[in-house]
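To start, the structure under review is shown below, and the notes come after it.
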Amino acid sequence: MTRCRRFAVPSLAVTFLTLGLWVPARAEEIEVKIDSVQAGGTAFIVGDFIVGERAGTRLTCPCDGRIVAVRILWLSFFGTAQPTLENGIYIYGDNGNPNSPVPGPQLEFLEAPLMTPEFLNEFRYKDEEQTIPISVPVTEGQQFFVVLEFGESTNILGGSASVVRDLDGCQANRNILYALPGGWQNFCNFIGGDLVIRAVVDCDEPTGACCRADGVCQEDATQDQCLTYGAVWYPNQTCSQITCVPRGACCRLGGCLTLVPQSTCLSIGGVYAGPGSNCTSGVCTAGACCRADGTCNSEIQYVCATSGGVWQGAGTTCSPNPCPQPSGACCFSTFCIPGQPQPDCATAGGTWMGPLTSCTPVNPCETPSGCPGDMNCDGVINFDDIDHFVQALQGQANWPNPNCPWLNGDLSGDGNVTFDDIDPFVAAIGTSCP
């Protein structure tokens, strides 16, 4: 019988039914092939080969990843062939010439593969003990060769199993043969179809920049890692290439808008609930917000927190006032008692010096006090007092000088520092205390 190396290849058509023996690609993997053979279909068995000859295919990688398996369909005409131990399976790199059947450098070698007839044989390890998995790095578009070297001669008319091909034409230089003698050949010169010699590539999941709703950008994130509320995935981009704008819930007219930038929310008269906030979490429900000066306002949690308050919870109210009242120094003439709440100091006939004031290291009861407009207690009312007066307008919690009366800003005499005190304060600038 003539053999393939003598330019005449015996082929036997066989219809095969592998039932559960046909191995599909795993969900995260891609089977790479050039043939069109399907399970339960018809293929030609290719022969005959002698020991040391090789047959293989040139494949194109569909993605960045790793070659993790090789698959070879191995059939016999009568279905009675025994398993055979072949010399090896080679994975070669590309030779850079699409018109040449000669493979490039060797990338991997699988020793002594046991070929079982009537199976799409799959190999995932490069050693006989199956302890070292195949893992050959490849990139999208890269070409590589998968080649079987025969360890036993085949006689397909005599019932031997061998490699097979499809029936719809041979792609030149994508099917290769190493003949003895003759070396590397374009196998399409001898066969009329593509060999069923395949690879399995585990594709790397693409990464990119993940722009989260809170405005934080995460580098090298996969799409699955970016599946958080409001996040936007930019494949194959870095954080330096994009601009992440924080977005959150916008409370407006008793309702809630999702994923709105703060500037947009404020422009439509809404109240911003914070970067990354979600309408489903009830962020637009107001509650009591306690300030350090003991005052209470009904606010949403984000507004309360950003203004330095302590939120009491959704739905809590300011009536009665749940906020702890601050203590401060209480003056009886020049005698100072520390840690007194304002109502207790007033009931006892003392003068309360403001929240968080103390009697040490300087006795505030002995410093110039009771001089409306003298906000730094230096005995004169001038431009040095303006910043302190503004801080007094912002509330007792913002008062920075524990040894100078906060109520020196009460030029209107109503017991508090408000906008009503601005005009008389301006009028007092340039005067001295009694």
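Any read-out appearing in this document is the output of simple, stated calculations on the displayed coordinates, not a laboratory observation. Quick caveat: nothing in here was measured; it's all calculated off a predicted structure. With ideal geometry, Cβ positions are generated from the backbone for all residues, glycine too; neighbour counts draw on all protein chains shown.
Computed values, structure above
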read-out: Those residues of the stretch 311-330 which are among the hydroxyl-bearing types (Ser, Thr, Tyr) and either within 28 Å of residue 407 (Cβ to Cβ) or not in a loop (DSSP other than H, G, I, E, B) (or both), in sequence order; value: 319, 327
read-out: Residue check for residue 135: surrounded by 13 or more Cβ atoms within 10 Å (Cβ to Cβ) and out of contact with any Phe, Trp or Tyr (no Cβ under 9 Å at 6 or more places or on another chain); value: yes
read-out: Sole exception among (1) in contact with a Lys or Arg (Cβ under 8 Å, 6 or more places away or on another chain); (2) of a type outside the set (A, V, I, L, M, F, W, C); (3) assigned to a strand (DSSP E or B) for residue 208, by number; value: (1)
read-out: Yes/no for residue 355 being assigned to a loop (DSSP other than H, G, I, E, B) and in contact with an Asp or Glu (Cβ under 6 Å, 6 or more places away or on another chain); value: yes
read-out: Residue within the stretch 82-92 that is surrounded by fewer than 22 Cβ atoms within 10 Å (Cβ to Cβ), in contact with a strand residue (DSSP E or B) (Cβ under 8 Å, 6 or more places away or on another chain) and under 19 Å from residue 174 (Cβ atoms) present; value: yes
read-out: Selection status of residue 214, part of a loop (DSSP other than H, G, I, E, B), surrounded by fewer than 20 Cβ atoms within 10 Å (Cβ to Cβ) and among the acidic types (Asp, Glu); value: yes
read-out: Test: residue in the stretch 391-410 that is of a type in the set (A, V, I, L, M) and over 20 Å from residue 293 (Cα atoms); value: no
read-out: Of all residues making up the stretch 331-352, the number that are over 57 Å from the mean Cα position of the chain (by Cα) and either assigned to a helix (DSSP H, G or I) or surrounded by fewer than 17 Cβ atoms within 10 Å (Cβ to Cβ) (or both); value: 10
read-out: Residues located in the stretch 179-197, provided they are farther than 17 Å from residue 72 by Cα and either out of contact with any strand residue (DSSP E or B) (no Cβ under 8 Å at 6 or more places or on another chain) or surrounded by 23 or more Cβ atoms within 10 Å (Cβ to Cβ) (or both); value: 180, 181, 182, 183, 189
read-out: Residues located in the stretch 236-277, provided they are of a type in the set (Ser, Thr, Tyr), under 30 Å from residue 64 (Cβ atoms) and not in a loop (DSSP other than H, G, I, E, B); value: 240
